[in-house]
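The values are calculated or read from the model by the stated rules, or taken from the named source; none is laboratory data. No experiment lies behind these values; they were computed from the predicted model shown. Every residue, glycine as well, gets a Cβ built from its backbone with ideal geometry; the counts of neighbours run over all protein chains shown.
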Amino acid sequence: MNKQKPPITLIEDTLVPHQPFANATRRLEQCFAHSHGKREPICIAVVGESRTGKSRVLEEFTDGHPIIRTDEGLHIPVLSVTAPSRPTVKSLAEVMLETMLDELSRSGSESQKTQRVVRLMKECGTLMIIIDEFQHFVDKASDRVIYDSADWLKTLVDELRCVLVVAGLPSSVGILTQNEQFQGRFYAPVRMPRFDWKIDNQRNEFIAILGAFHESLGRYFDLPKLDSREMSFRFYCGSGGLIGYVTKFLRQLVWNAIDEGKKTITLADLATAQDEAIWAEEGRTDLLNPFSRSFSPTPNEQLLLAAHTIGKSVEPPPKSRRGGTGRSKRMTSREVLNAT
């Protein structure tokens, strides 16, 4: 039977809600559902290494609570933004205004932007703020928390009594625990782990995810069974158990097959996609391509330790003390918010 032409977005269109994904979504939905009538803001963090699926969780949750234009105006139940690199109060307010479709988002002073953020959030019925890449609140140059922006965010949430969700690398937890403005406000964080081959349920779930992708790809291609024990271990050694690397690899695989007009995907094609999608980004010359024919897909301690280094980066903890000179004499964020 002839297979139809695959869509270029085949991997993006295949959502596999594994257990950590489902747990994170449940926690976010719970916070959103109980956002009304609370005495103090609900705050929660979604943390994990890069490519563990944090951003995909936020995207799917936000898509479930979309911006809607009605006769009364815009309704924005969830305001989701990505923190700018080294966010200032002004740049953070600006990205919020842009998301709320404010045509004057780039105009005005810090105080004026703050006033517009508060006004628009009230008018649009915003119940939750989501800030991705929260680790940007640590200044890489000085390794210190950017307190002006963190304090502004805390005061904004206090004023609006909305839910605050922050997502980022594990260092984000350090930002929360070392900033006196946030201490005690956050519920236990939602953790998005990399899958560990040594843990039975995580290994089985990793294999099940590959099975779901195989089912999707199998409608368009003849290819090795991705969720076989041998092939799934190759995938683990090539991704380090990071679901984001699995999807990136499969995306490259599909692109290559479409460009070359292939209906059959071989082990050699998998090896090429691994080189182009993962090894090139990681700059790995010390690890054998797990899809090469010379690779022995038999689990051992050396291979598992090597896999665990994929995607690793060293994160210095944020310093707990303020550094540099004192604050400027401009109007504080609290004064601006209290004046609205």
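Inside segment 183-205, can you point out the residues that are closer than 18 Å to Ala307 by Cα, out of contact with any Ser or Thr (no Cβ under 7 Å at 6 or more places or on another chain) and in a loop (DSSP other than H, G, I, E, B)?
Selection gives Phe195, Asp196, Trp197, Lys198, Ile199.
Residues checked against (1) surrounded by 20 or more Cβ atoms within 10 Å (Cβ to Cβ); (2) touching a strand residue (DSSP E or B) at 6+ places or on another chain (Cβ under 6 Å):
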| position | (1), (2) |
| --- | --- |
| Thr114 | yes, no |
| Glu123 | no, no |
| Met128 | yes, yes |
| Glu133 | no, yes |
| Asp139 | no, no |
| Ser149 | yes, no |
| Lys154 | yes, no |
| Val165 | yes, yes |
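Which one is surrounded by the most Cβ atoms within 10 Å (Cβ to Cβ), of the residues in segment 250-269 that are under 20 Å from Leu288 (Cβ atoms) and more than 30 Å from the chain's Cα centre (by Cα)?
Leu267
Table: residues versus (1) touching a residue at least 40 places away in the same chain (Cβ under 8 Å); (2) assigned to a helix (DSSP H, G or I).
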site	(1), (2)
Lys3	yes, no
Pro7	no, no
Glu12	yes, no
Leu15	yes, no
Pro20	yes, yes
Asn23	yes, yes
Arg26	no, yes
Glu40	yes, no
Ile44	yes, no
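Filter segment 75-94 down to the residues that are surrounded by fewer than 16 Cβ atoms within 10 Å (Cβ to Cβ), more than 24 Å from His34 (Cβ to Cβ) and not polar (S, T, N, Q) and list them by number.
Pro84, Arg86
For segment 118-131, state whether one or more residues are basic (Lys, Arg) and within 25 Å of Ile42 (Cβ to Cβ).
Within segment 118-131 (the criterion being basic (Lys, Arg) and within 25 Å of Ile42 (Cβ to Cβ)), the answer is yes, since at least one residue qualifies.
State which residue is farthest from the chain's Cα centre (by Cα) when the search covers only segment 150-178 and only residues that are within 23 Å of Ser111 (Cα to Cα) and part of a loop (DSSP other than H, G, I, E, B).
Checked segment 150-178; the qualifying residue farthest from the chain's Cα centre (by Cα) is Arg161.
Show the residue pairs that are 6+ apart or on different chains and have beta-carbon atoms under 7 Å apart, the first residue being within segment 228-246 and over 14 Å from Trp279 (Cα atoms), the second being of a type outside the set (S, T, N, Q) and part of a helix (DSSP H, G or I).
Close Cβ pairs (under 7 Å, with a partner that is of a type outside the set (S, T, N, Q) and part of a helix (DSSP H, G or I)) amount to Ser232/Phe206; Ser232/Ile207; Ser232/Leu210; Gly241/Phe206; Gly241/Ala307; Ile243/Ile209.
Scan segment 270-277 and give yes if some residue there is modelled with pLDDT of 50 or more, surrounded by 16 or more Cβ atoms within 10 Å (Cβ to Cβ), in a helix (DSSP H, G or I) and in contact with a Lys or Arg (Cβ under 7 Å, 6 or more places away or on another chain), otherwise no.
Checked segment 270-277: at least one residue is modelled with pLDDT of 50 or more, surrounded by 16 or more Cβ atoms within 10 Å (Cβ to Cβ), in a helix (DSSP H, G or I) and in contact with a Lys or Arg (Cβ under 7 Å, 6 or more places away or on another chain).
Every residue, every condition in (1) under 20 Å from Asp148 (Cα atoms); (2) part of a helix (DSSP H, G or I); (3) modelled with pLDDT of 90 or more; (4) in contact with a helix residue (DSSP H, G or I) (Cβ under 7 Å, 6 or more places away or on another chain), yes or no:
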| site | (1), (2), (3), (4) |
| --- | --- |
| Cys31 | no, yes, yes, no |
| Thr52 | no, no, yes, yes |
| Pro66 | no, no, yes, no |
| Arg86 | yes, no, no, yes |
| Met96 | yes, yes, yes, yes |
| Ser111 | yes, yes, yes, yes |
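What number of residues within segment 278-336 are among the polar types (S, T, N, Q), at pLDDT below 50 and either in a helix (DSSP H, G or I) or surrounded by fewer than 16 Cβ atoms within 10 Å (Cβ to Cβ) (or both)?
The number of residues fulfilling the criteria is 4.
Quick check on my filter: what residues within segment 204-237 are touching a helix residue (DSSP H, G or I) at 6+ places or on another chain (Cβ under 9 Å), over 23 Å from Ser292 (Cβ atoms) and of a type in the set (D, E, K, R)?
Glu205
Yes or no, residue by residue, for (1) touching a strand residue (DSSP E or B) at 6+ places or on another chain (Cβ under 9 Å); (2) not charged (D, E, K, R):
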| residue | (1), (2) |
| --- | --- |
| Thr9 | no, yes |
| Pro17 | no, yes |
| Pro20 | yes, yes |
| Asn23 | yes, yes |
| Arg27 | yes, no |
| Cys31 | yes, yes |
| Pro41 | yes, yes |
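Would you point out which residue out of Ala93, Ala24, Ala83 is within 30 Å of Gly218 (Cα to Cα), under 22 Å from the mean Cα position of the chain (by Cα) and of a type in the set (A, V, I, L, M)?
Result: Ala24 is the single residue among Ala93, Ala24, Ala83 that is within 30 Å of Gly218 (Cα to Cα), under 22 Å from the mean Cα position of the chain (by Cα) and of a type in the set (A, V, I, L, M).
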